[in-house]
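Bear in mind that the values in this text are calculations on the coordinates, not laboratory data. Nothing here was measured: the structure is a model prediction, and the numbers come from that model. Backbone-built Cβ (ideal geometry, glycine too); neighbour counts: all protein chains shown.
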Amino acid sequence: MARPYRSVLYIPAANARAMEKARGLAADAIIFDLEDAVAPDAKATARDALAQALTQDYGPRARIVRINALSTAWGADDARACAGLDIDAVLVPKVDGQDDLDRVAALIPDTPLWAMMETPLGMLNAAGIAAHPRLAGMVMGTNDLAKDLGSRFRADRLPMMAGLGLCLLAAKAEGVVIVDGVFNAFKDEDGLRAECEQGRDMGFDGKTLIHPAQLEIANAAFAPTEAEVALARRQIEAFDAATAQGQGVAVVDGRIVENLHVATARQTLDRAQAIAAMAQ
Ligand SMILES: CC(C)(COP(=O)(O)OP(=O)(O)OC[C@H]1O[C@@H](n2cnc3c(N)ncnc32)[C@H](O)[C@@H]1OP(=O)(O)O)[C@@H](O)C(=O)NCCC(=O)NCCSC(=O)C[C@H](O)C(=O)O
Ligand SMILES: [Mg+2]
């Protein structure tokens, strides 16, 4: 992961004030939304407002545009408009399979694609979607998924686990970024913190967010803690010392450290470094 994606903030492209405000917010990435957060009558003006907003400097924050599906009246125009924008990725909603990405790729020559993972078919085809040559990231769409599953919202997200797990496996197998779905109750800090911790434990790179008040909690949850960074350094030092003496295993805090643990430790340090670079 060359850059962090702890906090990925949705902003309706019809909301000029929010797009301006985001230039100073502590988000690792921004999703400028032309899809569900924009009313049908506002789609065309939102597209124009977005093009204007993207002439501004968003600093180190990744800029991602969520277009409408090509099956809608707006999708093709959104895709063509993206081809001329200075952005990091185009996010395609309701991806069921590779064909959906092929169709968008044909309209947008070079920009990396991200996929909204939010339909039952998308879950079942996650491996193929992750393997698409233009795909660079996946975003869980847990609201649409719950709608299609007919599932209830639960704090432990048990009904979501099969879908979350399939998408995580697919993303990790292909080495693409994967961020968790939104937490709708944006004033419930404890609920958000718990869901971020769960997502971090599962292996997500970060969380999609709907309000600036959610940024701090997600940024903290998906960053390595000071203790994790310190442990990673000690593991690397201990392993280096062990190998210098011809041994393949070290022991730190009563636990073995082998080369695979060193790989994880290096990832932790790389992640901490990428996060520190965001603040500069
Ligand atoms: C949820 C909101 C409608 C709340 O808006 P509002 O009532 O304006 O909130 P506040 O008054 O508390 O706002 C305080 C200030 O923060 C700015 N603000 C608010 N939201 C954002 C934002 N997302 N990005 C940047 N800035 C934001 C306000 O402008 C205020 O600024 P100031 O004037 O300086 O005080 C609103 O937060 C909102 O619209 N959120 C985004 C909703 C959205 O994008 N939804 C679609 C994505 S979720 C989804 O589709 C999931 C997926 O597809 C799935 O299936 O699960
Ligand atoms: Mg959705």
Helix 189-202 axis, angle to the chain major axis (alpha carbon atoms, nearest 10°): 60 degrees
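In whole angstrom, how long is each semi-axis of the equivalent ellipsoid of the range 99-138, when you take the square root of 5 times every eigenvalue of its Cα gyration tensor and sort them from largest down?
Numbers: eigenvalues 63, 19, 14 Å².
Largest first, the range 99-138 gives 18, 10, 8 Å.
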Separation of alpha-carbon centers, the range 35-50 and the range 131-182, rounded to whole Å: 26 Å
Cβ-defined net charge surrounding Q198, 12 Å radius [Lys, Arg +1; Asp, Glu -1]: 0
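Out of all DSSP beta bridges in the chain, what portion is antiparallel? Express it as a percent rounded to 5. The partial results should precede the final answer.
Numbers: 3 of 32 bridges.
Once the DSSP bridges in the chain are tallied, antiparallel ones form about 10 percent.
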Long-range amide H partners of S7 with built H, under 5 Å: D28, A29, K207
Interchain or long-range residues, amide H under 5 Å from A83's placed H: none
The range 43-51 - phi-based ³J(HN,Hα) in whole Hz, Karplus 6.51/-1.76/1.60, Gly and Pro as x: 4, 5, 5, 5, 4, 5, 5, 5, 4
Neighbour count of at most 10 Cβ within 10 Å plus DSSP loop: longest trypsin sites (Lys or Arg not before Pro)-free window in the chain: 1-151
Three-way shape call for the range 1-115 based on the alpha-carbon gyration tensor, with the a/c threshold at 1.5: oblate
Extent along principal axes [Cα atoms of the range 131-280; Å; largest to smallest]: 58, 33, 32
Vicinal HN-Hα couplings computed from phi for the range 11-27 (Karplus, 6.51 cos²θ - 1.76 cosθ + 1.60; Hz; Gly/Pro x): 9, x, 5, 7, 9, 4, 4, 5, 5, 5, 4, 4, 5, x, 8, 7, 9
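Taking the range 74-161, which chymotrypsin sites (Phe, Trp or Tyr not before Pro) meet the DSSP loop condition and have no more than 14 other C-beta atoms within 10 Å? Don't skip to the answer; put the middle values down first.
Details: sites: W74, W114, F153; in loops: W74, F153.
The qualifying sites are F153.
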Gaussian network model of the chain, springs between alpha carbon atoms under 10 Å - residue of F186, F222, F239 with greatest fluctuation: F239
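Once you have the Kirkwood Rh of the chain from its Cα pairs, apply Stokes-Einstein at 25 °C and 0.890 mPa s and quote D in µm²/s. Can you show the working numbers first?
Working: Rh = 19.8 Å.
After rounding, the answer is 124 µm²/s.
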The range 78-199 shape via C-alpha gyration tensor axes, a/c threshold 1.5: prolate
Whole-percent pair-distance distribution, where bins are 10 Å wide, for the alpha carbons of the range 167-250: 16, 33, 26, 16, 7, 1
Distant-in-sequence amide H partners of M138 (H built 1.01 Å from N, under 5 Å): A115, V177, I178, V179
Helix axis angle, 161-174 relative to the chain longest principal axis, alpha carbon, degrees: 80 degrees
